[in-house]
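Asks: My structure is below; once you've seen it, I'll send some questions.
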Amino acid sequence: MLYVLGRDLERTEHLARLVRVHFELSLDRSVHPERRFWANLLQLAGWPAPDAVVRDHAIAMVLGDPSGPSLRQTLESARRAAQAVRPSLSIEVWEQVNALYWRLSDAGWQGEPYTYLHQVELGTQLVAGLVDDTMAHDEAWHFVKLGKHLERAGNVTHLVTRKSRELAEAGEDPIAWASVLRSCASLEAFRLRYGVATGAQTVARFLLLDRMIPRSASYCLAAALTAVEGIDRRGGTSPPHRVLGRLAASFEHADPVEVGASPQRLAAHFDEQWADLHRALRSSYFQPSQLALELAGDQLSRHPQQQQQS
Amino acid sequence: MSSAAPAQAVAGSGSYDEMLIAPGRPRQLYLRLHQCLEKLGHGELRRRQRRAQRAFRDLGITFTVYQDDQGIEKLFPLDLIPRLIDGATWARLDRGLRQRVTALNLFLEDVYGAQRILRQGAVPSDVVLSAAGFHRELVGLRVPHGLRCQVAGIDLVRDHHGVFHVLEDNLRTPSGISYVLANRQILKRVVPELFVGYDVRPVEGYCHDFLANLRWLAPPEVDDPTVVLLTPGIYNSAYFEHWYLAKQMGIELVEGSDLLVDQDRVFMRTTDGLRPVHVIYRRLDDEFLDPISGRPDSLVGVPGLVNAYRAGGVVLANGLGNGVADDKAVYALVPDIIRYYLGEEPILPNVPTYLCTREKERAHVVDNLEHLVVKRVDGSGGYGMLIGPMSTRAQRAGMRRRIEAQPRQFVAQPVIDLSVQPVLTGGGLASRHQDLRPFVLSGRETTVTPGGLTRVALRPGSLVVNSSQGGGSRDTWVTVDEEPGAA
């Protein structure tokens with residue numbers, strides 16, 4: 001559940017920023033609207049994309065439709081997770097998860113999504129900061145971080161590949177790529193590194209492989225690996241550690257030119273490993289009975305923390 | 001009386017008004033507070049009230065009310081107007097409460113020991129031994145320092161003369177202290193100007209004192225004892241309190257499944273293996289603690305826990321079997337219990353109580369139901385009681401049958417006209433009844449946290465203040481007198 005909390009807070013933040021950036025981009029495109037512009041938002045957010053959809057409907061779906069991965073649902077799930085692991089959270093973390101949930105229950109976005117979405121972004125970032133600065137950096141904390149970093153790695157990888165596919169025929173579109181960077185809160189860092197040359201190759205390279213920015217896939221996988229090491233503590237290599245270590249290494253040692261030219265291959269590798277990784281996480285951390293088997297002989301160990309994960 | 005009736009309308013009704021002597025005329029102690037409230041004005045106070053409720057909601061301070069098998073999440077309403085108790089009045093309450101709980105602890109130790117008080121006939125043994133909360137199998141069990149009630153919540157009411165009476169003792173798992181702590185915290189944030197000019201005694205010491213007392217119960221050879229709080233879990237109506245107290249005391253909040261008993265010792269499962277547990281502050285009722293010795297259907301208990309307790313392998317706070325001392329029939333005997341153990345007159349009076357086991361008293365009760373409050377002896381939370389003046393003929397007939405069938409189950413008391421104080425409502429200030437539950441901690445010393453939980457009946461005229469029955473609360477300030485004895 002701590003894992004779920006970290007994951008769903010990250011997902012909430014991601015969805016909010018995605019919608020906000022897309023909305024802002026739409027204002028740049030209002031003279032020549034693209035037919036699939038709002039359908040693309042749904043696709044980026046992980047919905048099966050309809051052929052055409054109007055703005056307010058698309059936003060409403062991503063923000064609150066219970067039939068797909070909506071912001072509202074994700075936040076509710078995060079709060080449920082927080083409720084279940086309340087003793088492991090600091091009062092400040094719990095209070096702000098709750099406050100965010102209630103604030104959004106009271107508020108709506110009616111045609112002007114900025115205020116609402118900005119509130120979500122700031123709210124989730126506040127919680128993330130409180131997680132780091134008010135909780136002991138113990139096992140519980142590592143689980144939150146693991147959920148967060150894996151989710152972020154997945155989001156950025158999928159965003160880059162979906163966008164590459166979408167923009168493949170359109171030729172260079174610096175504004176669209178700047179939006180991708182904005183959706184990952186990384187535009188400024190990118191400019192510092194590459195200047196204003198915002199092209200498909202540099203963006204993909206940057207968002208997938210850069211080791212310095214906290215929102216690149218490579219960085220997040222390394223951070224997730226650190227979390228797994230924090231959880232394993234006893235040393236040795238657990239199955240999640242092995243799978244994640246390999247995955248992180250494939251990002252760390254990938255050829256930047258190749259990835260820039262075709263990010264799809266690395267992303268496909270990511271998706272393959274993703275399934276393996278979650279199998280490993282389930283069997284090692286989230287299922288106490290199997291864990292007990294693994295620790296055979298040590299009948300005294302049962303992880304309450306981990307039991308709460310399932 | 002309409003729900004928006006101005007406070008003044010009730011001032012002449014006979015109830016003691018804590019704040020106002022006459023319409024618009026506050027008592028001396030409330031003078032500054034009254035001015036401050038007027039200065040803020042109704043609109044501003046309502047805004048602040050909403051802020052306070054939001055703060056409660058964000059902290060997750062909700063409780064679950066069960067009705068028709070359905071649990072509903074509710075906020076425990078807080079009224080912003082504090083109740084004030086001057087230093088001299090408090091000093092007397094403090095003495096009276098310590099006296100009462102000291103005697104009750106001696107009583108518990110005696111009833112589960114030599115039973116001197118019964119053998120000497122100082123109180124009738126049939127009343128004591130027939131209490132549902134008396135656990136015969138615990139007679140002879142020694143507990144550390146002979147102390148069985150580490151925390152008591154004593155319910156006080158103030159009659160129409162302003163005299164405090166003890167209405168009920170709660171010696172098992174009294175709840176409400178977290179609201180005392182949270183109310184104060186929220187009030188400081190939301191209406192700091194109310195505090196100006198008052199020297200309010202802090203309540204925060206509770207957690208510190210309580211934890212020190214709990215640690216003191218551990219075997220002396222244990223250097224750094226492990227104390228845990230055992231909760232029934234997140235679906236319990238008091239879960240917020242369990243969580244909050246565990247956080248404030250820095251102890252683990254555990255559920256039954258986190259503990260296990262091995263050879264009469266209790267262990268907590270942790271990621272590093274088992275850790276011995278020495279003292280359990282348990283918020284589970286006796287019968288749910290252990291599916292082996294209590295209710296076999298208890299899913300929240302720990303198998304073997306009661307045996308471990310009886311073998312001295314773990315300390316439970318509060319102890320088992322305290323129900324014998326807060327039984328509502330035994331309540332009637334408490335003045336004699338105080339005289340017997342302490343050789344003193346009780347400082348705080350009881351409310352007159354009729355025991356339905358006594359034939360003459362029972363006859364009086366069934367003939368006068370419409371003037372009396374009838375309570376189940378083992379009831380709590382305001383469930384199953386009959387308030388005579390507000391009852392229907394059919395309710396009284398039903399109660400009469402129940403009393404005749406099970407006289408030991410019921411006691412009756414005259415209706416006490418609880419004191420009133422204005423609360424903030426949408427239509428202005430309105431008078432509501434209230435009581436007071438101070439919390440008494442017993443360890444090396446017996447101490448009372450200054451103030452306690454003032455519970456407010458939010459329905460006009462209602463005398464039932466229990467949170468489960470729609471009550472709210474307000475902060476309670478014990479002030480330090482400017483000149484000693486001036487009040």
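The values are calculated or read from the model by the stated rules, or taken from the named source; none is laboratory data. Worth saying up front: this structure is predicted, and the values here are computed from it rather than measured. We place every Cβ from the backbone using ideal geometry, glycine too, and count neighbours over all the protein chains shown.
Asks: Using the structure shown, decide if A:His137 is within 30 Å of A:Asp232 (Cβ to Cβ), under 17 Å from the mean Cα position of the chain (by Cα) and touching a residue at least 12 places away in the same chain (Cβ under 8 Å). It would help to see each step written out before you state the result.
Replies: On the way: within 30 Å of A:Asp232 (Cβ to Cβ): yes; under 17 Å from the mean Cα position of the chain (by Cα): no; touching a residue at least 12 places away in the same chain (Cβ under 8 Å): yes.
Considered against the rule, which asks whether it is within 30 Å of A:Asp232 (Cβ to Cβ), under 17 Å from the mean Cα position of the chain (by Cα) and touching a residue at least 12 places away in the same chain (Cβ under 8 Å), A:His137 comes out as no.
Asks: Another question, if that's okay. Can you pull out the residues in the stretch A:65-87 that are away from every other protein chain (no Cβ under 14 Å), part of a helix (DSSP H, G or I) and over 16 Å from A:Glu121 (Cα atoms)?
Replies: Correct list: A:Ser77 only.
Asks: Hey, among B:Ala218, B:Ala238, B:Ala246, which residue is farther than 17 Å from B:Asp290 by Cβ, within 13 Å of chain A (Cβ to nearest Cβ) and among the hydrophobic types (A, V, I, L, M, F, W, C)?
Replies: Working: B:Ala218 fails: within 13 Å of chain A (Cβ to nearest Cβ); B:Ala238 fails: within 13 Å of chain A (Cβ to nearest Cβ).
Just one listed residue meets the conditions, B:Ala246.
Asks: Restricted to the stretch A:164-181, and to residues that are over 16 Å from A:Leu209 (Cβ atoms) and either touching a His at 6+ places or on another chain (Cβ under 9 Å) or among the aliphatic types (A, V, I, L, M) (or both), which residue is modelled with the lowest pLDDT?
Replies: By that ranking, first place goes to A:Ala170.
Asks: Answer yes if at least one residue in the stretch B:428-438 is more than 17 Å from B:Arg83 (Cα to Cα) and modelled with pLDDT under 95, and no otherwise. Even if it seems obvious, please write down each step before you answer.
Replies: Just the residues of the stretch B:428-438 that are more than 17 Å from B:Arg83 (Cα to Cα), to begin with: B:428.
Cutting the leftovers down to modelled with pLDDT under 95 gives us B:428.
Yes; the residues of the stretch B:428-438 include at least one that is more than 17 Å from B:Arg83 (Cα to Cα) and modelled with pLDDT under 95.
Matching residues to (1) modelled with pLDDT of 95 or more; (2) polar (S, T, N, Q); (3) within 18 Å of B:Val163 (Cα to Cα); (4) assigned to a helix (DSSP H, G or I):
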{"position": "B:Ala5", "(1), (2), (3), (4)": "no, no, no, no"}
{"position": "B:Ser13", "(1), (2), (3), (4)": "no, yes, yes, no"}
{"position": "B:Glu38", "(1), (2), (3), (4)": "no, no, no, yes"}
{"position": "B:Phe56", "(1), (2), (3), (4)": "no, no, no, yes"}
{"position": "B:Thr64", "(1), (2), (3), (4)": "no, yes, no, no"}
{"position": "B:Lys74", "(1), (2), (3), (4)": "no, no, no, no"}
{"position": "B:Asp94", "(1), (2), (3), (4)": "yes, no, yes, yes"}
{"position": "B:Gln99", "(1), (2), (3), (4)": "yes, yes, yes, yes"}
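Asks: May I pose another question? Is it the case, given these coordinates, that A:Pro214 is loosely packed, with under 15 Cβ neighbours inside 10 Å, under 19 Å from A:Gly6 (Cα atoms) and of a type outside the set (S, T, N, Q)?
Replies: Here the answer is yes, as A:Pro214 does meet what is asked.
Asks: Any idea which of (1) among the charged types (D, E, K, R); (2) under 22 Å from the mean Cα position of the chain (by Cα); (3) surrounded by fewer than 19 Cβ atoms within 10 Å (Cβ to Cβ) is the one B:Arg142 doesn't satisfy?
Replies: (2)
Asks: Could you tell me whether any residue of the stretch B:168-175 is touching a residue at least 60 places away in the same chain (Cβ under 8 Å) and either over 21 Å from B:Val334 (Cα atoms) or among the basic types (Lys, Arg) (or both)?
Replies: First pass over the stretch B:168-175, keeping only residues touching a residue at least 60 places away in the same chain (Cβ under 8 Å): B:168-175.
Restricting the remaining residues to those that are either over 21 Å from B:Val334 (Cα atoms) or among the basic types (Lys, Arg) (or both) gives B:172, B:175.
Checked the stretch B:168-175: at least one residue is touching a residue at least 60 places away in the same chain (Cβ under 8 Å) and either over 21 Å from B:Val334 (Cα atoms) or among the basic types (Lys, Arg) (or both).
Asks: Please enumerate the residues belonging to the stretch B:203-229 that are under 19 Å from the mean Cα position of the chain (by Cα) and part of a strand (DSSP E or B).
Replies: Passing the criteria: only B:Leu229.
Asks: Would you mention how many residues in the stretch B:293-313 are at pLDDT 85 or above and more than 21 Å from B:Gly140 (Cα to Cα)?
Replies: Residues flagged as at pLDDT 85 or above and more than 21 Å from B:Gly140 (Cα to Cα) within the stretch B:293-313 amount to 4.
Asks: Of everything in the stretch A:98-137 that's within 14 Å of chain B (Cβ to nearest Cβ) and of a type in the set (Val, Ile, Thr), which residue is nearest to B:Thr62 (Cα to Cα)?
Replies: Per the stated criteria, the residue is A:Val127.
Asks: Just wondering, is there one or more residues in the stretch B:274-297 that are surrounded by fewer than 18 Cβ atoms within 10 Å (Cβ to Cβ) and within 14 Å of another protein chain (Cβ to nearest Cβ)?
Replies: Scanning the stretch B:274-297 turns up at least one residue that is surrounded by fewer than 18 Cβ atoms within 10 Å (Cβ to Cβ) and within 14 Å of another protein chain (Cβ to nearest Cβ).
Asks: Name the single residue, out of those in the stretch B:407-427 being within 26 Å of the chain's Cα centre (by Cα) and not in a strand (DSSP E or B), that is surrounded by the most Cβ atoms within 10 Å (Cβ to Cβ).
Replies: For the stretch B:407-427, the residue satisfying everything is B:Ser419.
Asks: Hey, among the residues in the stretch A:2-34 that are under 30 Å from A:Asp138 (Cα atoms) and β-branched (Val, Ile, Thr), which one's surrounded by the most Cβ atoms within 10 Å (Cβ to Cβ)? I'd like the intermediate steps shown before the answer.
Replies: Here is the first cut: in the stretch A:2-34, the ones under 30 Å from A:Asp138 (Cα atoms) are A:2-17.
Still in the running and β-branched (Val, Ile, Thr): A:4, A:12.
On the way: A:Val4: 23, A:Thr12: 27.
Taking the candidates together, the pick is A:Thr12.
Asks: Take the conditions more than 14 Å from chain B (Cβ to nearest Cβ) and either farther than 20 Å from A:Ala58 by Cα or among the charged types (D, E, K, R) (or both) and apply them to A:Ser90. Does it pass? Step through it out loud before you land on a result.
Replies: Values: more than 14 Å from chain B (Cβ to nearest Cβ): no; either farther than 20 Å from A:Ala58 by Cα or among the charged types (D, E, K, R) (or both): yes.
The answer is no for A:Ser90.
Asks: Can you find even one residue in the stretch A:35-58 that is surrounded by fewer than 22 Cβ atoms within 10 Å (Cβ to Cβ), in a loop (DSSP other than H, G, I, E, B) and either of a type in the set (Ser, Thr, Tyr) or within 14 Å of chain B (Cβ to nearest Cβ) (or both)?
Replies: No: zero hits.
Asks: For the stretch B:336-365, what are the residues that are surrounded by 15 or more Cβ atoms within 10 Å (Cβ to Cβ) and either part of a loop (DSSP other than H, G, I, E, B) or aliphatic (A, V, I, L, M) (or both)?
Replies: B:Ile337, B:Ile338, B:Pro346, B:Ile347, B:Leu348, B:Val351, B:Thr353, B:Leu355, B:Cys356, B:Thr357, B:Arg358, B:Val365
Asks: Here's a check for you: in the stretch A:182-196, which residue that is in contact with a helix residue (DSSP H, G or I) (Cβ under 6 Å, 6 or more places away or on another chain) and hydroxyl-bearing (Ser, Thr, Tyr) is modelled with the highest pLDDT?
Replies: Only one residue fits best here, namely A:Ser183.
Asks: If you don't mind, another one. For the condition surrounded by 16 or more Cβ atoms within 10 Å (Cβ to Cβ) and either out of contact with any His (no Cβ under 9 Å at 6 or more places or on another chain) or modelled with pLDDT under 95 (or both), what is the one hit in B:Glu137, B:Glu168?
Replies: On the way: B:Glu137 fails: surrounded by 16 or more Cβ atoms within 10 Å (Cβ to Cβ).
Matching residue, one of B:Glu137, B:Glu168: B:Glu168.
Asks: OK, next. Look through the stretch B:267-292, keep the residues that are in contact with a Pro (Cβ under 9 Å, 6 or more places away or on another chain) and modelled with pLDDT under 90, and return whichever of them is farthest from B:Ile251 (Cα to Cα).
Replies: For the stretch B:267-292, the residue satisfying everything is B:Ile292.
Asks: Still on this structure, please answer the following. Considering only the stretch B:428-477, how many residues are surrounded by fewer than 20 Cβ atoms within 10 Å (Cβ to Cβ) and basic (Lys, Arg)?
Replies: Of the residues in the stretch B:428-477, 2 are surrounded by fewer than 20 Cβ atoms within 10 Å (Cβ to Cβ) and basic (Lys, Arg).
Asks: Here's something else I'd like to know. Scan the stretch A:192-216 for residues that are within 16 Å of A:Ile175 (Cβ to Cβ) and not in a loop (DSSP other than H, G, I, E, B) and jot them down.
Replies: Those that are within 16 Å of A:Ile175 (Cβ to Cβ) and not in a loop (DSSP other than H, G, I, E, B): A:Tyr194, A:Ala200, A:Thr202, A:Val203.
Asks: A further question on this structure: Scan the stretch B:366-385 for residues that are hydrophobic (A, V, I, L, M, F, W, C), at pLDDT 90 or above and not in a helix (DSSP H, G or I) and jot them down.
Replies: Across the stretch B:366-385, the qualifying residues are B:Leu372, B:Val373, B:Val374.
Asks: Let me ask something else about it. Restricting attention to the stretch B:249-273, and to residues there that are surrounded by fewer than 18 Cβ atoms within 10 Å (Cβ to Cβ) and part of a loop (DSSP other than H, G, I, E, B), which single residue is farthest from the other protein chains (Cβ to nearest Cβ)?
Replies: B:Asp264
Asks: From the list A:Ser250, A:Ser218, A:Ser238, A:Ser262, exactly one residue is among the hydroxyl-bearing types (Ser, Thr, Tyr) and at pLDDT 95 or above. Which is it? Quick ask: steps written out before the conclusion?
Replies: On the way: A:Ser250 fails: at pLDDT 95 or above; A:Ser238 fails: at pLDDT 95 or above; A:Ser262 fails: at pLDDT 95 or above.
Just a single option satisfies the conditions, and that option is A:Ser218.
Asks: Within the stretch B:145-164, how many residues are in a loop (DSSP other than H, G, I, E, B) and closer than 23 Å to B:Ser178 by Cα? Steps first, answer last, please.
Replies: So the first thing to find is which residues in the stretch B:145-164 are in a loop (DSSP other than H, G, I, E, B), and the list is B:147-150, B:159-163.
From the residues that got through so far, the ones that are closer than 23 Å to B:Ser178 by Cα too are B:148-150.
Within the stretch B:145-164, residues that are in a loop (DSSP other than H, G, I, E, B) and closer than 23 Å to B:Ser178 by Cα number 3.
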